[in-house]
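Working notes for the structure below.
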Amino acid sequence: MPELNAAAPGKKSSFRLAAAAGVLGKKENPTNFGDYTNFDTSNRFFRYQQLVKSTPYASIGMKKLKTSLTKGLDFDGKSRRQVEEFRKWMKKTNLVGQVQNVAGSLFRDGTFCGALNGNNPDTLKLQPLLMAHTTLLPEGIEHGTASKVLLQPPIKEFVVNEGSTGDVQEVTYKAQDVVYGALDEWDSIQLDIRERETCGLYGESLIDPIELSIRYLHVINQGYVEFVKKYGMGRYSYSFPILEKLLESNIIDFNVFQTEINDWMEDNKNLSQNEDLVGIVKAEAIDAKGSLDIMEFKKALETDIQLGFLQSDLSMGDSKGSTYAAGYVSENSRMVALENLQLNLSNIVNDFINRRLVLQNKSEDSVEIIFDELSLPQMSAAEITEWYATGIITKEQALEWGGFPVLESGGE
């Protein structure tokens, strides 16, 4: 556990925490799994990108997350003229795409850092500082060195290519010049890309908890494909029940039994597709299931990945086995988490908007970004009444969702 540094602070010093040894790790950190190779093992931010790209359950889940949270992006403010000017600028600079990039980086990496691409308000864009190359440094940390102290806020500077020399140059940004945001940055101790322990600087990635699920899904998929390659979709296990009975009754000996099997296999070795088997043979298809339910395990892994991106079966297009009411209740809970993420995203983007207002010599917060309210499936009054009567939802939920009074039994 971290402990207070034994050195007593001076007048202008503050207590620092010694680096801990409690960073959660993985038993294995392979570069290859499934049919994919070259997964990064030294830079977690590169690895996050590779993991998301490797399966549609992650890549589509990420796209759904960042597009749903930026739906209906618009501006609000006291001056209609100023709002219209921002709308024109939004179209000119593809601000929707920029905000979606902010959302994707924030949720994938847990942290977003961005710098302005200039001082012209008409062409102003937010340029992300790629986390795989960026370090966040507080006071007193020398560039390119290790640290025995747990790095914590306040952030002094953002450094790109820290410690690099030659053709790749180190670039430093002052903290006040960077648009910055992080998710749950105080939840755990994390390593930066130079293996220094930090807390309160880097946010929690949505990828970390589901990496093993993504990895095992690739292993399952590869195993099934290898099985098909080895045995084929139409391979059979042949048995000869009549000959077996004759052998058991000592009517024929084993040599005759073996000869009959060999002759039959030779005559039928070139059976083509859709040709039927006729005779004394019983054929059973070989499958990969055996004693393990592979498909159930695969489904469980896919569900884990969906949950990691705050997606439900309904939001991913799978409604089998779920009632509409159960799906609605699940979606209602999901919206609570999504609204919190949207609030984090809104704070980051409005910091960017305020910087443009300053460049225009306008008051901060005079214009702000807004999004559409996150919506739930539409319901009829009959459905709400039925769910309330059967105990699926409470009276308070029925009133909230339906916007009308629900009468108790015997009520007026």
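The values are calculated or read from the model by the stated rules, or taken from the named source; none is laboratory data. On a predicted model such as this, the values are computed, not experimentally measured, just so you know. Here the Cβ positions follow ideal geometry from the backbone for every residue, glycine too, while neighbour counts run over all protein chains shown.
Okay, here's what the table says:
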| read-out | value |
| --- | --- |
| Number of the exception - Phe46 against (1) at pLDDT below 95; (2) surrounded by 17 or more Cβ atoms within 10 Å (Cβ to Cβ) | (1) |
| Residue in the stretch 293-300 that is modelled with pLDDT under 70 and either surrounded by fewer than 17 Cβ atoms within 10 Å (Cβ to Cβ) or assigned to a loop (DSSP other than H, G, I, E, B) (or both) present | yes |
| Every residue from the stretch 96-107 that is surrounded by fewer than 23 Cβ atoms within 10 Å (Cβ to Cβ), farther than 27 Å from Cys199 by Cβ and among the β-branched types (Val, Ile, Thr) | Val96 |
| Residue among Glu185, Glu157, Glu211 that is surrounded by 13 or more Cβ atoms within 10 Å (Cβ to Cβ) and part of a loop (DSSP other than H, G, I, E, B) | Glu185 |
| Considering residues of the stretch 322-338 that are in contact with a helix residue (DSSP H, G or I) (Cβ under 9 Å, 6 or more places away or on another chain) and either assigned to a helix (DSSP H, G or I) or not assigned by TED's automatic domain parsing to the domain that holds Ala182 (or both) only, the residue modelled with the highest pLDDT | Leu338 |
| Tally, over the stretch 188-206, of residues that are among the polar types (S, T, N, Q), within 17 Å of Arg108 (Cα to Cα) and crowded, with 19+ Cβ neighbours inside 10 Å | 2 |
| Failed item, numbered, when Lys71 is tested on (1) in contact (Cβ under 8 Å) with a residue 12 or more places away in the chain; (2) assigned to a helix (DSSP H, G or I) | (2) |
| Condition check for Ser249: out of contact with any helix residue (DSSP H, G or I) (no Cβ under 9 Å at 6 or more places or on another chain), surrounded by 13 or more Cβ atoms within 10 Å (Cβ to Cβ) and modelled with pLDDT of 70 or more | no |
| Residue, nearest to Arg215 (Cα to Cα), within the stretch 54-79, restricted to residues that are at pLDDT 95 or above and of a type in the set (D, E, K, R) | Asp74 |
| Subset tally (residues that are closer than 30 Å to Gly308 by Cβ and not in a loop (DSSP other than H, G, I, E, B)) for the stretch 83-125 | 20 |
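Residue by residue, here is whether (1) outside the structural domain of Leu95 (by TED's automatic domain parsing); (2) of a type in the set (A, V, I, L, M, F, W, C); (3) on the phi < 0 side of the Ramachandran plot; (4) surrounded by fewer than 22 Cβ atoms within 10 Å (Cβ to Cβ) holds:
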| position | (1), (2), (3), (4) |
| --- | --- |
| Asp109 | no, no, yes, no |
| Lys125 | no, no, yes, yes |
| Leu130 | no, yes, yes, yes |
| Thr135 | no, no, yes, no |
| Gly140 | no, no, no, yes |
| Ser147 | no, no, yes, yes |
| Pro153 | no, no, yes, yes |
